[in-house]
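Below is one structure, written out as structure tokens, with a few remarks after it.
The values are calculated or read from the model by the stated rules, or taken from the named source; none is laboratory data. For clarity, every value in this text was computed on a predicted model and none was experimentally measured. Note that we place each Cβ from the backbone using ideal geometry, even for glycine, and neighbour counts take in every protein chain shown. Surface accessibility is based on the protein's heavy atoms, side chains included, excluding ligands, DNA and RNA. Shrake-Rupley method; radii C 1.70, N 1.55, O 1.52, S 1.80 Å.
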Amino acid sequence: MEDPCTPGFITGTALIRFAHRLGYEITLEHATDIDRYRESTEPSIAALRARTDISSTIDPAHIIHAVQRSAHGVEHTMNISQLASGSMRSHTLAHETVATALARLRVAHERFNCTIHFLEESALERAQSLDESITVDSIAEVATKKSMGESEVGPGLLAGVPFTVKDVIDVAGSPTSGGSCTGRDAKPATRSAFAVERLELAGAIPIAKDSTTEFAASGPDSPLIGVCTNPWDTSRWAGGSSSGTAVAIATGAVPFGVGTDVGGSIRLPSAWCGITGLKPTAGRVSRSGVIPMSWTAEVVGPMARDATTVSAVFSVMAGEDPDDPRTHAGSAVTATEPRELAGLSLVVPTDPLFKDCDASITRGICEVVDVLNDEGVTNRETQIPDAANAHDAGYQIVFPELASVHRPLETSWKDYGPMTSRRMSRGIMSPVSDYLRAQQFGHHLQTVLLRELAEASAILVPTVAGSAPTHADAMMTINGKDVPAFGHQARITMICNLTGFPGLSFPIGFDAAGLPVSGMLIGRPNEEHLLLAFAQMYQARTFHHTKRPTLSH
């Protein structure tokens, strides 16, 4: 009898029978896809199995525990005064602000297909209630002066500020579709996700649920509403899976939004739409009230035009949640004044993984280094060869966890989009030994990164190798050559998801076609404040983040 856990593997009807023994029903088409996927990943997975420097005695759960060692709040730069920039005026009534944001978002949706549910009625009711409870002058005063304690959100901190939410995250009174046709008739959520609830308590007003790839796991063509196009070029994809959130911000409809990130799903659309996105340390922001995809890799985080706004929103979102065991007492963020950067340092890797990118990105990375050098930041080059294995190891964890999450819904798989089904089917047949080995590699990569960060404050890398791919054929251009987007898009961003480390994506320029390109800072666990401080300083000296796509005007 053939052993399904050895190279060679079974195919066709035999594979279908084996899947049935595990409790899954798959088609012959999916069986063929599984075998094709096995063949494509076998070299990297075999190399991972053969590594002798990864201890087989590591408890795979250690990848989670390693980022929770800090049990205290961490200083964090917070500045609310610029939240109104480009989207609202500080002395505008909340009702007028929200109405304007909704109108702008409807225009953006008509052009770029970025919204699944408009929350117009509830948003305007919230705004009206806010206007009746506080004066116009006090709105501005609270928004600029109110600070948040370590374990509680101050009421009014974001008073009257509109925002949008990726539609895998609950907002009370609205259905959560997950971007899937199976969620078309979903019942309204009875309460908001923990992170959204904290923002609402601070006075922010959710105005829409944003377009997302199906269950945050699929490709550009969402089976529910179709492609969310890029506002810089509608022949291109906005990026996934927090697609609509990035578009709502890039077009100026809202100052910030809430997304999720499993392999780059906050940072990639942020990069391709020209905004700033934070993938926090695992456990800083609760995942309660979110359609799950991966217990190991998934986080919730803020997206905005600039690092100052991301900083402010993150300080509200972060905190301990009894319903999410990954959060802890040190999850909360304490507000401080912006710090000086002199004496801090950057690590800039030179491996092919990080150098094989468009020339516009290389120029942008050099500009970041030059700007920060002028502020007293030092830098050194290094090599991190282990980082090249993060992409395949990450998906060796994500796909089996995705399949497990959706196992109780297996009878609905026939209604899922083809890419979603394929990815879950691939996860079904991943041997548990490879899954655990990938978890152990994640811990190994944590130690590698911590060694690099022992005498540095952050690692500076490209977010992604090129600008936004076309959505018709999923091809991205790197130095004039078209390459498949799915082979390149998450090969750097997955480093942060596999290890649980924080990563901040921010605009660093434009390519030859006028499309945004992006850099990423990776930091030690729970040190988002340093990444944000670097980006804030860079954005104070440059203007890439201030530019909007022409199509949004």
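Within the chain, antiparallel bridges make up roughly 65 percent of the DSSP beta bridges whose residues both belong there.
Note on Thr350 and Ala329: their simple-model spin labels are 4.6 nm apart, each label 7 Å out from Cα toward Cβ. The accessible surface of the chain, taken with every protein chain in place and a 1.4 Å probe, is 53 percent carbon and sulfur. The Kirkwood hydrodynamic radius of segment 306-431, based on inverse pair distances between different Cα atoms, is 19.4 Å.
In terms of the Cα gyration tensor, with a ≥ b ≥ c the square roots of its eigenvalues, is segment 370-416 rounded because a/c is under 1.5, prolate because a/b exceeds b/c, or oblate?
Numbers: a/c = 5.90, a/b = 2.94, b/c = 2.01.
Taking the square roots of the gyration eigenvalues as a ≥ b ≥ c, segment 370-416 is prolate.
Between Glu410 and Thr13, the contour length at 0.36 nm per residue exceeds the Cα-Cα span by 141.0 nm.
Rg and Dmax over the alpha-carbon atoms of segment 389-431 stand at 10.6, 34 Å. Mean residue ellipticity, 222 nm, helices only, the chain: the sum of -39500 (n - 2.57) across DSSP H runs of n ≥ 4, divided by residue count and rounded to 500, is -11500 deg cm²/dmol. Backbone phi angles across segment 58-63, fed through the Karplus curve with coefficients 6.51, -1.76 and 1.60 (θ = phi - 60°), yield HN-Hα couplings of 5, 5, x, 5, 5, 4 Hz in residue order; Gly and Pro are listed as x. A simple spin-label model places pseudo-atoms 7 Å from Cα toward Cβ; at Lys547 and Glu29 they are separated by 4.1 nm.
Pop a pseudo-label 7 angstrom from the Cα along the beta-carbon direction at both Ser44 and Glu96 and give the gap in nm to one decimal. Spacing of the two 7 Å Cα→Cβ label points: 5.3 nm. Between Val432 and Asp370, the FRET efficiency estimated from the beta carbon spacing at R0 = 30 angstrom works out to 0.05.
Over segment 379-494, the reciprocal of the mean inverse Cα-Cα separation, the Kirkwood hydrodynamic radius, stands at 16.6 Å. Computed from the Cβ-Cβ distance with R0 of 25 Å, the FRET efficiency linking Glu455 to Ala342 stands at 0.95. Subtracting the Cα-Cα distance of Arg191 and Val107 from their residue separation scaled by 0.36 nm leaves 27.4 nm. For the peptides 178-190, 195-207, residues were scored by their other Cβ atoms within 10 Å and the scores averaged per peptide; the highest-first order is 195-207, 178-190. Normalised by 2.2 N^0.38 Å, where N counts its residues, the alpha-carbon radius of gyration of segment 417-477 equals 1.67.
When peptides 347-360, 247-260 are ranked by their average number of other Cβ atoms within 10 Å per residue, the highest-first order is 247-260, 347-360.
Classification of segment 485-553 by its C-alpha gyration tensor yields an oblate form. The axis ratio a/c (a ≥ b ≥ c) is 1.5 or more, and b/c is at least a/b.
Quick one: which of Lys166/Lys355; Lys187/Lys209; Lys355/Lys481 span more than 20 angstrom between C-alpha atoms? Beyond 20 Å between Cα atoms: Lys166/Lys355.
When each of the peptides 119-130, 382-393, 15-26 is scored by the mean number of other C-beta atoms lying within 10 Å of its residues, the order from highest to lowest reads 382-393, 119-130, 15-26. When the P(r) of the chain is calculated, the portion above 45 Å amounts to 9% of the C-alpha pairs.
Please give the net charge around Thr234, taking every other residue with its beta carbon less than 13 angstrom from that of Thr234, where Lys and Arg add +1 and Asp and Glu add -1. With Lys, Arg at +1 and Asp, Glu at -1, the neighbours total 0.
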